[in-house]
Structures are given as structure tokens and as C-alpha cells.
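First up is the structure itself, then whatever we jot down about it.
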Amino acid sequence: MSSIPFLTEIREWPDERISIVTGRLQHKTPLIHCITNSVVTNFTANVLLAIGASPAMVVTPEEAADFARIADALLINVGTVTTFTAGVMRSAAHAAQQASTPWVLDPVAAGALAFRTGVVGELLACKPSIIRGNASEIMALAGRGEGGRGVDSLASSDHAVASAVSLARSSGAVVALSGEVDYVTDGEELFAVRGGSEIMTRVTGTGCALGAVMAAFLSVAETPLLAASAASLLFAEAGRGAAEHSSGCGSFAVSFLDALDAITSRVPPVDG
Amino acid sequence: MSSIPFLTEIREWPDERISIVTGRLQHKTPLIHCITNSVVTNFTANVLLAIGASPAMVVTPEEAADFARIADALLINVGTVTTFTAGVMRSAAHAAQQASTPWVLDPVAAGALAFRTGVVGELLACKPSIIRGNASEIMALAGRGEGGRGVDSLASSDHAVASAVSLARSSGAVVALSGEVDYVTDGEELFAVRGGSEIMTRVTGTGCALGAVMAAFLSVAETPLLAASAASLLFAEAGRGAAEHSSGCGSFAVSFLDALDAITSRVPPVDG
Amino acid sequence: MSSIPFLTEIREWPDERISIVTGRLQHKTPLIHCITNSVVTNFTANVLLAIGASPAMVVTPEEAADFARIADALLINVGTVTTFTAGVMRSAAHAAQQASTPWVLDPVAAGALAFRTGVVGELLACKPSIIRGNASEIMALAGRGEGGRGVDSLASSDHAVASAVSLARSSGAVVALSGEVDYVTDGEELFAVRGGSEIMTRVTGTGCALGAVMAAFLSVAETPLLAASAASLLFAEAGRGAAEHSSGCGSFAVSFLDALDAITSRVPPVDG
């Protein structure tokens, strides 16, 4: 493998490019097709609504392919994949690829369980724009490591940077590696986003909802790299703010939605 | 089509009839059978509990028909309908019709996607007591307009009033048209409920939960028209109160449940 | 039937044994396999995260048995069981029994609906470590009473104590009977846990999440009796605290998660 790109830290919110992405999203209210896991459907929908996107969970084979064609972006998260939903996911991913609908793949627990690892392999062939995962998942997809333990990563994101770069180059997707530090790379450039809050690891769905926001940003950003970076930075900023206004896991989740709402509402809608 | 009925504004909470409905509900704690979408199950159950009803999500073909017969009312919401749940919905709707269990149909995204539009057509044949939808959905069921975009309406409720009246007359159901103004009609009378909060459009499940509350009120109100009007007015009042005590989408959802709890707890239980 | 054991009241939090259970849990962060109902997946996951456990909802036949073998404990809750998930539950329960993974059965509405009563009967044959239910459910499994009305119990927990003791003796499981007073028994000892808050009956998922916490405690407690008692006492304490910091059903659920987080964070991690 060739070398790891020079690391650029993204430190400030908002920088101008990210403001434009957020402003465009509020002007467009893009329709985001989510096929996600049963634990996080509600939180994911509320996160998308808080930032000004329009979530739609369309999850049956009779509709999913057609809807993936007309949606502005698609999220597929395999967290609670079943025999039935695996077929829905394949069908939506194929339709998205054919229709050039940009899409995000969240390969929850890939590498740890054989069935979903197989499903994720098939989905990768449909060329997602962004792959978002934790260190164990990204290392497993890059052919390193042995997967995590359930949905949790056993490795820190720092140890998976080389895998992320390698996976980006082999898949053609931007890889967004979530952890204490978030890394985002297209194989050529590499960004690090610090911040957020430790408590985000103890609120279910923060990572899954980040994938949904990346999908929303795909519909308005110039590049998948910018979409993924902007989403990570928005979450870090909202997480930092929410931690100041909460007194535990429960109030954090509530404050996090309020923070997303407040941050994005401050940005004026931008046409184009 | 004949003319649109004279419009009556419902302005105050509580008027005496609505207090009686709410008081009866707290005395009876009716059992509400919900076959609803996977995004809003939790919020819907919490809304029903907050007003004093007892939610039950029974969603398998072996049980749904039997349960629809013994429940006090039934809600069917097609938001995330699948091949499997479409069968459950048909079976429950037929059983409700046979057993005279009053029921609410929420035709999410009908008109926008062919499969669910077909399912909704079959469900309509089972004579729901109330049809609750947004402007795009109601216009589609009335044979006008071309449906919305995903779950969102592209039309305002003001433009769909004629469709609501027409659908009420053709279906025999009360039609509850949700939007910036809620309209409720049985084809003869037409009520408008103003109030609520803009933020309700950015919290997932508020519309779906409104359908569940209409089902709960069906079990204690003299007419479906009163049940639908009372539920809309309760939501408008709770939304107004919650907006005052919240600082964004996240805290609004929490305050909304608190407001429903507070409003209905102030009304003493009424027997009969 | 032989006599009911002498009743021991558990009054204080924390007693030393329970502190040790909670401290061990925080050291181990056990992986809890949850096959639970669709209404409470999010709340259950957040409760487990708040106390320091790691939830994983793995719900497809291709994975559930394998995962039940490697998880530290398993929860099966039949609240929204379907034709499909019944098979997943059977398969996971068999695998847990074979692998000696401790597991909790939550027989929601058993006795009230024939299909799930049959499923629960099959699951009981796989020897759960703990059965957690309300009075109607426990009485139905003990062969008394006629089941509840939907998910709600029609009987108080006081009237079901004899059934709980009988079921514990016949099944070999610890029986945790939830109600205004929680009773926990292995057929030889009988504990009563008072406290909590009336409002817990009006927040969906508190009982279901209690079953999940019992599963988490099974992975670190010496006995199922201690696991079930510790979980009940933790919930009573968190419920008491949350009621003081909330102003209705909505804020109670948030404060309850904060309270679980605060209580368990005060206990230092314990190895062994």
C-alpha cells in the first residue's frame, strides 16, 4: 500500500464551505431515503428533521428501488439486517447506483457476523459514495482485523487510519472513520475532526444518525469528502454544546437535537 | 360535487364536550390496537399513555384480527408498510369492520408510491371511522393531485379542503386534514382548528400520534367528528404549551408529552 | 403447593452486594443480546448504555443463534412477536441454553393471546434464568388466571405472589413479578422491592428495559436472584430520583436515563 496522506485537522465551525452546505440543505430540504436499523429509526428521523432534511423510511421490496431513484440521497445501515431487509437493501442500492442517487453505507458489525458481512460485500459492489463505520468495521472491510464485538469497536480510530485510506482507494468511496477522533478520507486527502463528547458513545444512534446526515449533505455538497467532513464537524460541535447543557445520557440526547436545530437554524438558507 | 360546508372555527380548549371526551378516556383507559410505522412506535405509545389510554402493538397475522375485535379502537398507519405488514393490516381492518371496532386509517404517502396506494385502497373498503392525512394524501385519496414527496405534503391544508369534504362524502369516514390549520369534516360539518406550533413539523411522529389519539377518542366520543376534533384541539393546545417550554426540536418532543399529561390530568375522570 | 417463603424487604440502595454487581458491570461492559419488541428497542438500548452495558439487537435467523452463544447474556421479549421473530427467538433461546448463556424471558401478554402463549411455552423449555412479567402474565404462566388485557395487568402484584413462587419452583427460573411492589423469588427466597414511581406505568418500556437490565446483571451477579433483585432496586431508586426532577411522562423518561447514569457512575468499576 502506498503512503497515508498528509493529515489536515478541521478545527472550526463553521468554516465557509460548511456553512454553504448547511445553508443549501435548508433551502432544498432534501428527501433522504433511510433503510436503517430498528433501534434508531426515530432518533435518525429527528436528527434529519432538526437539520432541515426530510427523512423517509421506505422499506418494502415493492417500493424501495423506485424510492431510491427519486430520493435525493439514500442511507443503508445494516444494524438489524434480516433475511427480508437484506433483499430490500440490495434492491435499493442497485437502484441508487443506476439512478446516480448518492448513498451512504453504514456496515454495522461487519466482520463480526458472517451473514451481514456477506450482505455488506454485495452492497459495496453498488458503489456507495461514503462508507461510515467504527475502527473494527473499517478494518474488517479493508481486510484487516477480525471485526468488533457486536456493534462496538475494539480498536481506536487512530489504529484504523491506514485501513480507512486503503478502503477508500479500493472502493472508490469516501471512508468516514468514527471514534474519539473522526477521520475522513477519499484516499488522497485525510481530515481529522476532533471534539464531540465521550457521552455520545453512551447514547444509541449517534453514529447511525451521523451516517444519515452524511447522506443529507451528499445531496448538497460538491464532493462526498466535503459532505462527510461537514457532517462530522456538525456532530462534534453539537455534541460539545449538548454536553454543556445536559446532566446524563438522557438529557444529552435531547440537548443534542436542540443543538443541531440551533446550529443549523443560525445558517441562512442558500440557493444553489 | 356539491358545495363545501360552512366553516366553524374551534378556538378554545377545553370546551365542555371535549372535557367530557377526555374525562371519559381517563375513566375507561381504552385499549388501543396500533399497527403503525416503525419510526414512531415508541412516541405513539408514550402519547397514548400520557393521555390515559393503553397502547398495544399487536402486529402478527396470528393475533392481529383477534386483537382488533377485542380492542376498544384500532389505528392503522401505513408509513413503513411491508409485504408482511400489509397482510396484517388487511386482516385487522376486516376484523375491525366485522366487530364494529372503530378505527383510524393514516394513509402515509398514499398517492406517492404505488404499492401503498393499493394497500390503502383495500383498507378503505373496510370502512375506517376516520381518515387522517396531510393535504397531498387527502387529495390523492380524493382522486386529485398526484401525491406528495415521501411523507411530506407539497400542498397546504387550505388547498385540500374541498378534497377532504369530497373524500368524507364518498368514503363515509370523517376526514381529518392536518396542516398549518387542521380541518375536520364528515362531509356535512367542517371544523377548523388553529394553533399548535410550526416546530411540530420537525418532530417525527406528531402527525402519526395524532391519529392514535383520534383512535383513543373514538372509543369514548359520541361521534367520529367529535373524536377527531377533540384530538386536533388537544394537540394544538399541547403544541402551543410545549413550544413555550422548549428550546428546539429535542426538548419540544419531551415538553409535548409533558403538556399532554398535564392537560389531560387536569380533567377529572368521567364515567359514561 | 407448599407454602410461600418468608418475605424479605429490600429497602436500601446500595447495599454492598448490589454495589459489587453494578461495579462489576461497569468493569466488564457485558454484551447483551436483545430480541425485544419494536416499541422499546431505542429506550432499552439507552438504558443498557446508561448503566454501562453494551446492547446488541441481532434479530435475523442467520445470526441470532451464533450471537446468543457469544453474548454475555440474552433478553427475549415477546411484546411484538411475529411469525418471523418467533423463529428467531426459538433459535436464540436454544443456542443460549446449549452455550449456557444466561437469559431473561419477558412473556409480554402471555395468557391473553394464543399465539404468543404458545411461543412462550416453547421458550420456557429452554430454561431461562429469569422470567420477568406483570401479575397477569405470571399468573397465566403458573396456570392461574386468564391473562391480562393487552400488555397491561388486570391484577396487582400482591395477588400473584403465590403464582410467582409456584412458577419459580416448576420452571427452575427466578421469577421477577413487577407491579406497585416488585417481588423476586427463586421459590425458596422471596424479596420485595418497594419504591419507584407511579409514573413509570405511563412511560412505555420501563418494564421491558428492566428485563434487559436483569440480563446485564446476570452476566456479573453470583445468582439470578441477586441479578433480578439488584435490577429491581436500581429501577426503584432511579424512578424515585427521576420523579423528583420531572414534570410529566416526557421529562420523566429523560430523567430516568440520567438517574441510571448518575447512580451507576457513582459506583467504581470492580474487577471480578
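The values are calculated or read from the model by the stated rules, or taken from the named source; none is laboratory data. Owing to the predicted nature of the structure, the values given are computational and were not obtained by experimental measurement. Using ideal geometry, Cβ is built from the backbone for each residue, glycine included, and neighbour counts are taken over all protein chains shown. For accessibility, only protein heavy atoms count, side chains too; no ligands or nucleic acids. Shrake-Rupley method; radii C 1.70, N 1.55, O 1.52, S 1.80 Å.
Numbers at a glance
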{"quantity": "Percent accessible area from carbon and sulfur atoms, the protein assembly as shown, protein chains only, probe 1.4 Å", "calculated": "52 percent"}
{"quantity": "Shielding by partners, peptide A:90-103 (average Cβ within 10 angstrom, other chains)", "calculated": "0"}
{"quantity": "Per-residue ³J(HN,Hα) for region C:257-272, Karplus 6.51 cos²θ - 1.76 cosθ + 1.60, θ = phi - 60°, Hz, x for Gly and Pro", "calculated": "5, 4, 5, 4, 4, 5, 4, 6, 6, 6, 8, x, x, 10, 8, x"}
{"quantity": "Virtual paramagnetic centre 7 Å along Cα→Cβ of C:E198, amide N under 16 Å, in region C:226-248", "calculated": "C:240, C:243-244, C:246-248"}
{"quantity": "Cα centre as origin, Lys/Arg/Asp/Glu Cβ charges: chain C dipole, Debye", "calculated": "360 debye"}
{"quantity": "Calculated FRET efficiency for the pair A:T223/B:T223, C-beta based, R₀ 41 Å, to 0.05", "calculated": "0.10"}
{"quantity": "Accessible surface buried upon B-A contact (total; probe 1.4 Å; Å², nearest 100)", "calculated": "2100 Å²"}
{"quantity": "Per residue accessible area of region C:7-266, 1.4 Å probe, in Å²", "calculated": "31 Å²"}
{"quantity": "Over chain A, relative contact order from alpha-carbon pairs under 8 Å, at least 6 apart, %", "calculated": "23 percent"}
{"quantity": "Among beta bridges that DSSP assigns inside the protein assembly as shown, antiparallel share in %, nearest 5", "calculated": "25 percent"}
{"quantity": "Average partner coverage of B:79-89, which counts Cβ from other chains inside 10 Å", "calculated": "4"}
{"quantity": "Those GluC sites (Glu not before Pro) in region B:1-103 that DSSP places in a loop and that have at most 15 other beta carbons within 10 Å", "calculated": "B:E12"}
{"quantity": "Cα gyration tensor shape of region B:7-265, rounded if a/c is under 1.5, else prolate or oblate by comparing a/b with b/c", "calculated": "rounded"}
{"quantity": "Helix-only mean residue ellipticity at 222 nm for chain C, each DSSP H run of n ≥ 4 adding -39500 (n - 2.57), per residue, nearest 500", "calculated": "-15500 deg cm²/dmol"}
{"quantity": "C-alpha center-to-center spacing [region C:171-187, region C:70-148] in angstrom", "calculated": "15 Å"}
{"quantity": "Region C:1-134: C-alpha gyration tensor shape, a/c 1.5 cut-off, then a/b vs b/c", "calculated": "oblate"}
{"quantity": "Inter-copy spacing of C:K127 label points, which lie 7 Å from Cα along Cα→Cβ, given in nm from shortest upward", "calculated": "5.5, 5.5"}
{"quantity": "Two-site label geometry, C:E9 and C:H159: point separation in nm, points 7 Å out along Cα→Cβ", "calculated": "2.4 nm"}
{"quantity": "Average beta-carbon neighbours from other chains, 10 Å sphere, peptide B:258-269", "calculated": "2"}
